[in-house]
Amino acid sequence: MESQIELGGGDFRYQLIADWARLPDGWDFHEVAAVAVDSRDQVYVFSRSAHPVTVFDRDGNFLRSWGEGLFKRPHGLSMAPDDTIFCTDDGDHCVHRCTPEGKILLTLGTPGKAQRYMGGAPFCQCTHTALAPNGDIYVSDGYGNACVHKYTPDGRLLFSWGTSGSGAGEFNLPHNVCCDEDGWVYVADRENHRVQIFDGAGKYQSEWRNLHRPSALFLPRHRCPWCYVGECGPTFGFSRNASNLGPRVSVVSRADGTVLARLGDRTPQNFPGPFTSPHGIAADSRGDIYVGEVAKTGWGNLFPGVTPDKPRAVLQKLVKLA
């Protein structure tokens, strides 16, 4: 295990633990697209590997795996209050709702069948899934569409909203979605560098700026006053080494989008920083944060000396300090 690093300050101080989860011998994550935590603080890791879903206790001990042969390209993972899990597969253009042991309960979309690019119909490389308080389901449809779809709990499409663009209610890669206790819907509009907020009818309400390519969102339950945001940071050569753009984890006020803390941001004093491309994020009941990264996809020439043979950590844990 790598050395531990302290990040943040004030009410948001964390100890960063890289390579936290212990896989069976010979296994690897390749890269981690998403992570979720159940009511017992068991951690579910959705990775682009031979074992797509791996489950650990909060100390990193391996418990089980499932999903082998089921998923084409894991992308999003979200946990329902009953501990069923929504697994969003952008390579297979579908969402599976599964039990904690991997039994499929519901499938949205037709596996293997993509709808027309930017045609608005579900799905064309869907990205993430969220559950409303009344059980309705939201799916962000991002790489080949620019919209969000709303379904009934039993999988009937109610309506969709959004189109390609940069105005209110328009999207440039809706990459993640989550829902709060009041039924408001938060969408990480990644390439527009913002999070847009809608009511349950898809009506635009507000947005958060001061973010750089937000990819991951996590809203703690029970009206927690903040949201965790994973920001991928720059990829273009001219800004890859620039400061204050990420990759990083930000803690954002749910009231007005004020940034309360930046964790791991790249600065001249903190280069290249601990993160590569925070793509999935979740927190447990103690406030510890789990960060999954698509480090292989996000590498390029981002880090001197980092190659596929010398990878950075793809699943890290931020332990909350008192």
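Read the figures in this text as sums done on the coordinates, not as results from a lab. Since we're looking at a predicted model, the values are computed, not measured. Note: ideal-geometry Cβ built from the backbone for every residue, glycine included; neighbour counts use all protein chains shown.
In this structure, Arg156 and Phe238 have a Cβ-Cβ separation that, at R0 = 45 Å, corresponds to a calculated FRET efficiency of about 0.45. By other beta-carbon atoms within 10 Å, ranking Cys224, Cys87 with the fewest at the front produces Cys224, Cys87.
Of all trypsin sites (Lys or Arg not before Pro) in the stretch 15-60, which ones are in loop regions per DSSP and have a Cβ with at most 13 other Cβ atoms within 10 Å?
Here the sparse-neighbourhood loop sites are Arg40.
The stretch 48-157: which chymotrypsin sites (Phe, Trp or Tyr not before Pro) are DSSP loop and have at most 16 other beta-carbon atoms within 10 angstrom?
Tyr117
Pairs exceeding 24 Å between alpha-carbon atoms, taken from Lys72/Lys103; Lys72/Lys317; Lys113/Lys150; Lys72/Lys113: Lys72/Lys317.
In plain terms, the residue of Ile5, Ile17, Ile104, Ile137 with the fewest other Cβ atoms within 10 Å comes first and the most crowded comes last, giving Ile104, Ile5, Ile17, Ile137. Taking the charge dipole of the stretch 1-133 about its Cα centre, with +1 at Lys and Arg Cβ atoms and -1 at Asp and Glu Cβ atoms, the residue from Trp66, Phe123, Gln42 reaching farthest to the positive side is Phe123. Electrostatic tally near Arg221: other residues with Cβ closer than 11 Å to its Cβ, Lys and Arg +1, Asp and Glu -1, net -1. Positive contributions from Lys and Arg (+1) and negative ones from Asp and Glu (-1), summed over other residues with Cβ under 10 Å from the Cβ of Ser160, come out at 0. Electrostatic bookkeeping for Val195 treats Lys and Arg as +1 and Asp and Glu as -1; over the other residues with beta carbon under 13 Å from its beta carbon, the sum is -1.
In terms of other Cβ atoms within 10 Å, His222, His30 run from fewest to most in the order His222, His30.
Net charge dipole, the chain: roughly 500 debye, given to the nearest 20, about the Cα centre with Cβ charges of +1 for Lys and Arg and -1 for Asp and Glu.
Note on Leu321 and Asn210: their simple-model spin labels are 2.3 nm apart, each label 7 Å out from Cα toward Cβ. Taking all Cα pairs closer than 8 Å and separated by 6 or more residues, the relative contact order of the chain comes to 14 percent.
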